[in-house]
Structure formats: C-alpha cells, structure tokens
C-alpha cells in the first residue's frame, strides 16, 4: 500500500493505517503524506519507512513506484486526503495501473466521480470506497435477514446520524477537521449531508438492497457564520414503494456518532446502533429477539466478518479492517486472474457515484419548491 495524505497530525490516516495492517495482509511501503514535503518526510520517518519511498507529492510517488519491479512496488494507492484531493491521485493511480482505496465521499463533485467510475470500468482495476459501516458483522446479518425474506416486503426505513461536535463555530478556532469539512472549496457542495449523510444513504441502501427513487429534503445552517449545512432532514421513497426518513445533524448537542437504522417489513423489523455494534434487534408482533455477534446461528456473511469471541467489543477499527482485508483478497484474486469471492464484499466506485448524486439531489430538493425531487441514477 502507498498512502496519499495521512500525516501524523491527521485523524483518518491513522485509522486507515491501523485497519490496513490488522490482518497482516497489507504492508505500508511508501507514501506522500502531506502537501508539505517536509511534513511528508517527517511522517515517513515516524512510520519507519525508507527515505527513498517517502515522496513530496502523489505525482512523484505514482510515477516512481511504477518504475519499480513488480513485487517491489506498491500494489494500490490509499487516499485519505480532504475531499478536494480525492480525484487527482485516484485518477492518476488508475491511469498508471494501480488499484485504489479512497475515503468517502468519492470526489468533490459528481463530474469527477463519474470520470473515476468510467476509468475503473475501462481499466478493470479495483476500487474500494471506505463506507466503513458496511463492514460491521451485524450490518451483514441485517442485510442477510432482509435478503432471506425474514421481514417480508420492506415498508419503512428510518436512518439517522446525529453528531454534536459542530454545535459551535468550531472552524473559527483553528480546528483542522472543522475547517476543511465546512469549507465548500475543500468539502464540496454539502457539509453535514456530504460528510455523514452519505454514510446514512449508503447504509440504508446496503442493508435493504433497495434504491432511493425520490426525496423531499430540508437543509439548514444553524450556526451563524457557517458556509455549509449542519443539519438535514429528508423524506425518502424507495423503488419497491417503501417510505423512509433520513436525518443527519452535526449540531445535535451532546451526541457523539449515533448512526442508527430501523427497517420495518410485513413480518417484522430490525434495529441497529453503531454505538452498540455487537447487537442487532429483530422485532415481530410475537416478541423481540436480541442477536449478538458470535452467539447462536449467524449467517456466513456475518461470521466471516466477526473477529473475536462473544462479549468482546468489536467496532470501528475492525469494521474498517474488514474492508481492507476484503480488498486485499480481491487484489490477490485479480493478480491470479480469478474472480473475488462475493462473500468478502466492499463498497465500490459506483457506490461513490451514487453518494455524489445523493448529495446533488438533496441540495436540489432543499432548494426546490416542489415536494418530490427524482433521484436519477
């Protein structure tokens, strides 16, 4: 793995590095860790990389690594930069024959996202978008139960992601994360809806297997002086006739990262909370069944993503690591000329394009006087 971004003072780069090495399938061999060559060098030193594999920028890294013998050079590029620096390194990596792992959202806008998807389709290379919540075992179990018909036809989907960390104008205090996530030039056209709303959209579609077809959205900037939305509420229609509600907020004072989803069908319902990830609740009119990680009979898709014995917390880093392990297995299959095992799945570039179009549609709906705005594929 070669990394773009993720200097020692960055949050998400460290998360990716820890997740990538968890199974011993991936080794960090090079990086361009910052737009500052000095900071990139110091990060490489802290990570014990040889100086000749630490680069001043991603262009230099991709071209230099391409010249190394196969087996010595990096196999894929991991991109952990702010949103506006996703497209450039991803495009160049694909054009030079490297697979890509990229933090979400896929790009700064839909045009960039569609260009990346076209490149992936053209080259046949692998692309993983780290919607990490899809890596949780109980998310896999929820998806399996719905696919197996345990809930019957899906009628209602409620997905929420409340946070409180932007309840004040934190971006004015020098906080690096707040500064770029609320800056249209670096984050894109949406704030909270792009940052965490895309997670909620992806989770709802992944678990249910249903696509959103139209929406009625209301975006708000509550904190005076902020440039992008910090709260959003969306009514949803799904392709099978199901109705839904998606609400996200970064000004829900006191909340941490309470991503949660409830799905109701003709025969029962499911409920999952990211902050209690080992538990999936299955409800019917006859009673409530608590499904726990590694206890009782779970689907194969849940079991292959379960790492530790029952009762031990299994969370954020492990879910990230599941995506990296699955991607590594897909890369090895690619190198052997084989098809990857679909049991070990991960979000793709096409999920990323859908996330960008979701942002576009939410913004268009919020600005429209019409009740419903179609979600175009």
Rounded, prolate or oblate for the range 82-197? Axes are the square roots of the Cα gyration tensor eigenvalues, ordered a ≥ b ≥ c, and the cut-off for rounded is a/c under 1.5. oblate
Need one number: nm distance between label points at residue 147 and residue 284, each 7 Å from Cα along Cα→Cβ, rounded to one decimal. 2.1 nm
Let's test this: bin the Cα-Cα distances of the chain at 10 Å from zero up to the farthest pair and state each bin's percent. 5, 23, 33, 26, 11, 2, 0
Using the alpha-carbon atoms, what tilt in degrees (0 to 90, nearest 10) does helix 349-367 show relative to the longest principal axis of the chain? 60 degrees
CD proxy, 222 nm, the chain: helix-only mean residue ellipticity via -39,500 (n - 2.57) per DSSP H run with n ≥ 4, per residue, nearest 500, stands at -10500 deg cm²/dmol
Row for the range 162-275, column shape: gyration tensor on C-alpha, a ≥ b ≥ c, rounded if a/c < 1.5 i.e. under 1.5, prolate if a/b over b/c, else oblate; value prolate
Expressed as cubic angstrom per residue, what is the convex hull volume of the alpha carbon set of the range 246-308? 133 Å³
Helix 37-46: angle to the longest alpha-carbon principal axis of the chain, degrees 0 to 90, nearest 10? 80 degrees
Any chance you could give the angle, 0 to 90 degrees and rounded to 10, that helix 11-21 forms with the longest Cα principal axis of the chain? 80 degrees
Suppose the chain between residue 258 and residue 68 were pulled fully straight at 0.36 nm per residue; how much longer would it get relative to their current alpha carbon spacing? 63.9 nm
Which percent of the Cα-Cα distances in the range 105-167 go past 15 Å? 73 percent
In nm, the gap between the two label points placed 7 Å beyond Cα toward Cβ at residue 27 and residue 121 is 3.7 nm
So for the range 76-139, using the alpha carbon gyration tensor with a ≥ b ≥ c as root eigenvalues (a/c under 1.5 gives rounded; past that, a/b versus b/c decides prolate or oblate), I'd call it prolate
Rg and Dmax of the range 1-112 over Cα atoms: what are they, in angstrom? 12.8, 38
With labels modelled as points extended 7 Å from the Cα through the Cβ direction, what inter-label distance (nm, one decimal) is found for residue 308 paired with residue 370? 5.0 nm
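A short reminder: the numbers here are calculations on the coordinates, not readings from a lab. The structure displayed is predicted, hence computed values, not measured ones. Don't worry about glycine lacking a Cβ; one is built from the backbone with ideal geometry, like all the others, and counts go over all protein chains shown.
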